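A quick write-up on the structure given underneath.
Where a number appears in this text, it was derived from the coordinates with a stated rule and is not lab data. In this text the structure is predicted, and so the values were computed from the model without any measurement. Using ideal geometry, Cβ is built from the backbone for each residue, glycine included, and neighbour counts are taken over all protein chains shown.
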Amino acid sequence: MSHIENDPKYKGLAVNNGVVQPPSVNPYLQTQMRKKRKKYTVSEFVDGILKGNRVILSQAVTLLESAQPDHQAKAQEIIEKCLPFAGKSVRVGITGVPGAGKSTFIEALGMFLAKQNHQLAVLAIDPSSERSKGSILGDKTRMEELSRQPNAFIRPSPSAGSLGGVARKTRETIVLCEAAGFDIIFVETMGVGQSEIVVHSMVDFFLLLQVAGTGDELQGIKRGIMEMVDGIAINKADGDNVDRVNVTKAQLVSALHMFPLPDSGWSPLVMTCSAKFHVNIEQVWEMVINYIDFVRQNGYFKKNRIQQANYWMYETINEQLKSHFYNDPTVARYVKEFEQKIFSNEICSFAAASQLLDLYFNHSLPINDD
C-alpha cells in the first residue's frame, strides 16, 4: 500500500510495513489443553498417595466425591488399600459462631504447626454448600499464606449432596490424607447445628471457637455443643476487647461446671487467644496435645476411635439405603404422584411414606384406585 508520506518531497517522513502478528492462541498451549488427564489405576493411586503425591491425592479425593458408580467402586478400593496406613494422625474438629474468625485462627495455628515441620491437612464440612454452590472455596483465598505451604493441604468439601453424604466423604478423605503422611487433620464445620455432631464423630479433639463483645456470649450456644467440646478458645483477645474476653471466659468456665464430666474424663478448658496477632496460639495447641496424651493414657482415645468407626458403618448403611430408595425406578415413578395426593389432602404424609416403603420393598402398590 502506497502512503503519501513516503513521497520524496516529504523529507524525514516514512511509513514502515507492519509486522505480521502471530496467532492469538499459543499452539503449544492449545495442544496441551487437548491432552486428557491421565487415568490412574488403583495401584497407581495407592502408590502415589503413600508417596505423598499431592496431585494424585487430590484426584483420589475427587474420585470419591464423584456420584458415578464406577468412580465410587474405584474409590472404595483405594480407601481399603490405604486403610492399613491410616489412623496415625491427630484429628481436630473446629467449630464456632459466625464471625469468630475460624479461617484466621486455622491459618495462624496451621502456620505454627507447619513451621514445626508437621504435615497438616485442612478439610471442611459445609451443609449449606448445596445451595451456595461452592462458597466454601473461599477458605483457600482466606488462608492464602497457609495454602502456599508445601506441607499443608487445604481441601473444601463437595459442593452438593446431603450433610450425611458430605460428612462421609470427609471421613474417607481423612483416611487418604493419613495414608499420604499427614500427621494432623483439621476438620472445620462452616455451618451450625447438625454439622457439629458429624464433625465430633470423626475427630479426637473438638474445639469451639468463641468471640466476645457481641452481646450475650452464652446466647446461641446450644447445650449439645457445650457437652461435646473438649476445649474452648475465645478469639480476638486483643486491644480494647481484652476485658470483654476475660468476662466471657469467666462465663464459659462457670457454664461448663454445670455439665457432667464427659466420658473421656477430661475437664474442658477455656483459653483466650488472638489469631490476628498470633497471641496464645501455641498455648491452644498445647491444650490439644495435653488432651491427646491424657486420653491415650486412660484408654479413651482407642475406645473413641472404635466407637466412631461403628458409627460411620451405620451412617453409611443409612446413606446407601436412602440413595437406593430414591434411585429405585418404581419409587421414582410414583413419588410425584404421592406428593400431589398430599398437596390435595387425599392422603397424610405418614401414610404416603408407609405406602412408598411398601412399594419399594414389595414392588406392589397397596392403594385402592377406585
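If you filter the stretch 68-121 for trypsin sites (Lys or Arg not before Pro), then keep DSSP loop positions with at most 13 other Cβ within 10 Å, what is left?
Passing both the DSSP loop test and the Cβ count: K88.
What net charge is computed for the residues neighbouring P150, neighbours being all others with C-beta under 13 Å from the C-beta of P150, Lys and Arg scored +1, Asp and Glu -1?
Once all neighbours under 13 Å are counted, the net charge is +2.
Sort T104, T170 by Cβ crowding within 10 Å, fewest neighbours at the top.
T104, T170
For the stretch 80-90, take each phi angle, set θ = phi - 60°, evaluate the Karplus expression 6.51 cos²θ - 1.76 cosθ + 1.60, and give the result in whole Hz per residue in order, putting x for glycine and proline.
Computed from phi, the couplings for the stretch 80-90 are 4, 6, 8, 4, x, 9, 9, x, 9, 9, 9 Hz.
Going by C-beta contacts inside 10 Å, put F85, F206, F338 in order with the fewest on the left.
F85, F338, F206
What list of ³J(HN,Hα) couplings, whole Hz, do you get for the stretch 235-250 from phi and the Karplus terms 6.51, -1.76, 1.60, once you set θ to phi - 60° and write x for glycine and proline?
After applying 6.51 cos²θ - 1.76 cosθ + 1.60, I find 7, 6, 7, 8, x, 6, 8, 4, 4, 5, 4, 5, 5, 4, 4, 4 Hz.
Name the residues of the stretch 77-98 whose amide N is less than 18 Å from a point 7 angstrom out from the Cα of Y311 along the C-beta direction?
So the set is 87-96.
Taking H placed 1.01 Å from N in the peptide plane, check which residues at least 5 places from M271 or on another chain put their amide H under 5 Å from its amide H.
Here I232, A233, I234 satisfy the definition.
Would you mind checking which residues have amide H under 5 Å from I154's amide H? H placed 1.01 Å from N; only 5 or more apart, or other chain.
Long-range HN contacts for I154: V122.
Subtract the Cα-Cα distance of E339 and F259 from 0.36 nm times their separation in residues, and report this length gain in nm to one decimal.
Length gained between E339 and F259: 24.4 nm.
Would you kindly state how much longer the chain becomes between C348 and N318 on full extension, computed as 0.36 nm times their sequence separation minus their alpha carbon distance, in nm to one decimal?
Gain in length upon complete extension: 8.4 nm.
Where nothing but the Cβ of Lys and Arg (+1) and of Asp and Glu (-1) is charged, how large is the charge dipole of the stretch 35-85 around its Cα centre, in debye to the nearest 20?
380
Is the C-alpha gyration tensor of the stretch 35-85 telling us rounded, prolate or oblate? Criteria: a/c under 1.5 is rounded; beyond that, a/b larger than b/c is prolate, otherwise oblate.
Oblate, because a/c is 1.5 or more while a/b does not exceed b/c.
What's the extension gain from L83 to N327 if we count 0.36 nm per residue and subtract their Cα-Cα distance?
84.9 nm
Find out how many positive minus negative residues lie around S274, taking Lys and Arg as positive, Asp and Glu as negative, among other residues whose Cβ is under 10 Å from that of S274.
Summing Lys/Arg as +1 and Asp/Glu as -1 gives +1.
Taking amide H positions as placed in the peptide plane 1.01 Å from N, state which residues far from D183 in sequence (5 or more) or on other chains have amide H under 5 Å from it.
HN-HN under 5 Å from D183: Q119.
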